[in-house]
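Scroll down for the structure; my scribbles are underneath it.
Nothing in this text is a laboratory measurement; each read-out follows from the coordinates by a stated rule. Keep in mind that this is a model prediction, so the values were computed, not measured. Methodologically, a virtual Cβ is constructed for each residue, glycine included, from the backbone with ideal geometry; neighbour enumeration extends over all protein chains shown.
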Amino acid sequence: MQRDVVDRVDRPGAAAWVLYDTGNSIYSASVTFLLAPWLVDHLGASRTAFGATQTASMVVAGLMVPVLGALCDRTRWTRPLLIAATLIAVGAMAAMTLPSTATQVLAWFALANVAYQAALVFYDALLPSITPLRRAGLVSGLGVGLGFAGTILTAGSLALFGAGLHAPHAMRVGAIAFLALTLPCLVAVRDRRRIERRASAATLAGDALRDVLATLRGLPRHRPLLLFLLGNFFLTDVIWTAALFFADYTTTVFHEMFVASGLDVFGLRFEPTPGQEPKLTAFLGTLGAALNVGALLFGIALGALADRWSALGTMRIAGVVLGLALVGGVAFGGIHAGWFAATMVFGGAFGMAGVKTAGRKVLLELAPRERLAEHIGLYGITTKLSVLGAVSYGAIADVAGVKPALLAQCVQIAIGLACLWAIRMPEPAATPSR
């Protein structure tokens, strides 16, 4: 068993670490609910340009983070790099709200996205400094669960104010909230590993790159870790796809029903406004808030389950529920809003929270502690280079419709689950006596 950096949970540090997840979720929610519609509807940007910027920035981040992670393993730079990446992300997010052309906003978005994704590697690398491995699932689950609070605030605002929400002002407020909620982690959480600085930054970066390449070449010899990374890639790819196309799918399948008879969900009634173009903005915001409330609760519960039972078993269950959620979304989409929410929304929340929460702990259980940040970087690739689902969804939707496109994602879930079920966790070694 890997030796813990700390022997008990640092509660103030854990609280600050968890709060960071709440703050950075405001950024991702703002991109989903505010930036994309504002760029397309008000600045004249094409959806292709927005999608290409998103993909390019994710690819850059995916290629960078393993090297940055390996660099963290050799230096005490984890916290300074987290501070720098977070401040760049916050600053670029605020810059998007300045009077600008679509091209300028997209450039700021690309910078913010790369910095945001890089910060997540440094953030995850601090987890062993605030909790021993036996409690990592709970702390990670709190981070995942409470992280959705920022998305709930954004989606809830959308549900309340609908199309009247002024995107630049809301994003400006979001950038301030992003900084305020992440500041405790930037100030209070320390890297407690014992690492000696050995050489210059250029030498260390070169060593880090060589070690990453060596780790990639050596992955076939570490079958459980390789299977986990592949399984996480396929499951996370589906989660990214579902999040990216959730609004498109929901508005497409429910538009006719909304116009004809209105929609009922959670005891609320949604009807088109007479004399105005029918929009499902408030309905989407309500479903988005419900999804993230569910993910908050599931994240906490599944984190505890991962600690008490099995992180790998919890991740497998989450993958199965994610597949059932997609099936429910196809079966009830455009037919029954309540059952759609019960399956697609809450099932999706369970799967999304479970894969992320349990996945963090599975990685901690499999990766060598002395090269943890490097493997966190590789883990980050499986969450950032997820492009298969988006491509397949778009291609199938254009030819056969959105329901077959969503159902096709179950193929990737099946592959991901097959990888996870093939993993055999190593037996824990006896704890050395002191």
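Label separation (LEU407 vs VAL187): 5.4 nm, computed from points 7 Å beyond Cα along the C-beta direction.
Specify, per residue and in Å³, the volume enclosed by the convex hull of the alpha carbon atoms belonging to segment 225-364. Don't jump to the answer; show the numbers that get you there.
Working: hull volume 13.2 nm³, N = 140.
Enclosed volume per residue, from the Cα hull, is 94 Å³.
Within the shell defined by Cβ-Cβ distances under 13 Å, the residues around GLN409 carry a net charge of 0, with Lys and Arg each +1 and Asp and Glu each -1. Fully extending the segment from ALA56 to PHE266, taken as 0.36 nm per residue of separation minus the present Cα-Cα distance, adds 71.8 nm.
Using a simple spin-label model with pseudo-atoms 7 Å out from Cα toward Cβ, HIS336 and ILE176 lie 4.5 nm apart.
If you take the beta carbon distance between ALA84 and ALA418 as r and set R0 to 35 Å, what does 1/(1 + (r/R0)^6) give as a FRET efficiency, to the nearest 0.05?
0.30
What does the extension gain come out to for ALA243 and VAL259, with contour length at 0.36 nm per residue minus their alpha carbon separation?
Difference between extended and current length: 3.3 nm.
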